[in-house]
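Worksheet: the structure to be examined is printed underneath.
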Amino acid sequence: MNGKTHTSPSAIYPGSFDPLTLGHLDVIERAAAIFPRVLVAVVVNPQKREPLFTLEERKQMIVAATKHLTNIEVRDFRGLLADFAKATGAGVIVKGLRVVSDFENEMSTALMNRSLSGIDTMFVPSDPMYSFVSSSLVKEVFSLGGEIDPYVPEAVLHVMRAKRASQRSTEPSEEKHPS
């Protein structure tokens, strides 16, 4: 041992979470078992297309889905993750990896974040049962009327179904024309 006292740092798990999936929740739960505090950081990502859910809706769904965990905090941020991590005092960035291509993309980001802030990234491999689940695919399946129950937490499912119902009630009705 080097004589240093080891204390587990808090961790940041960033993402757009549009919507939160069971894969995301799995990573949050696993990080919560390792770190005394996990900050789920909902990023406003200008490079992603228009989100299905507002920032507040996404944060509320995460809070509802993680209410069984006592060491979770949900916040939003804009700008550099490295700056946000330093400002919050986080010691580790947690990123989930579903497939090999995720690693290729995330590795350069992890190295840049370390260069900018000195904060390391811990990669958490996906549970195989969620390795194909992404927010984009969930939204696509949902928009086409498919069932997403196996892919999102119950709290998210309720919000998505409510959003669908409200969208249907505001759509103009199709007029029938006589032939």
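Computed values, structure above
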read-out: Full-stretch length increase - GLU147, SER131 - with 0.36 nm per residue and alpha-carbon distance subtracted; value: 4.0 nm
read-out: Cβ-derived FRET efficiency at R0 22 Å, ARG75 paired with GLU29, nearest 0.05; value: 0.75
read-out: Principal axis dimensions, largest first and in whole angstrom, of segment 11-169 by Cα; value: 49, 31, 30
read-out: Inter-label distance, nm, simple model (7 Å from Cα along the C-beta direction), LEU111/ALA64; value: 4.1
read-out: Lysine-lysine proximity count for segment 11-169, Cα under 20 Å, sequence distance 8 or more or distinct chains; value: 9
read-out: Cα-projected label distance for ALA165 with GLU57, points at 7 Å along beta-carbon direction, nm; value: 1.5
read-out: Positive-pole candidate from HIS68, SER143, LEU20, dipole of the chain, charges at beta carbon; value: HIS68
read-out: Relative contact order of the chain, defined on C-alpha pairs under 8 angstrom at six or more residues apart (%); value: 27
read-out: Angle between the chain longest axis and helix 22-34 axis [Cα atoms, degrees, rounded to 10]; value: 20
read-out: Helix axis angle, 154-170 relative to the chain longest principal axis, alpha carbon, degrees; value: 30
read-out: Peptides ranked, highest mean first, by Cβ atoms within 10 Å: ranges 151-162, 23-34; value: 23-34, 151-162
read-out: Ordering of 64-74, 107-117 by burial proxy (mean other Cβ atoms within 10 Å per residue, highest first); value: 64-74, 107-117
read-out: Two-site label geometry, ARG49 and MET122: point separation in nm, points 7 Å out along Cα→Cβ; value: 3.5
read-out: Helical contribution to [θ] at 222 nm, DSSP H n ≥ 4, -39,500 (n - 2.57), averaged over the chain, rounded to 500; value: -13500 deg cm²/dmol
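The numbers here are math on the coordinates, done by the rules we state, and not lab data. This one's a predicted model, so the numbers in the text were calculated from it and none came from an experiment. Methodologically, a virtual Cβ is constructed for each residue, glycine included, from the backbone with ideal geometry; neighbour enumeration extends over all protein chains shown.
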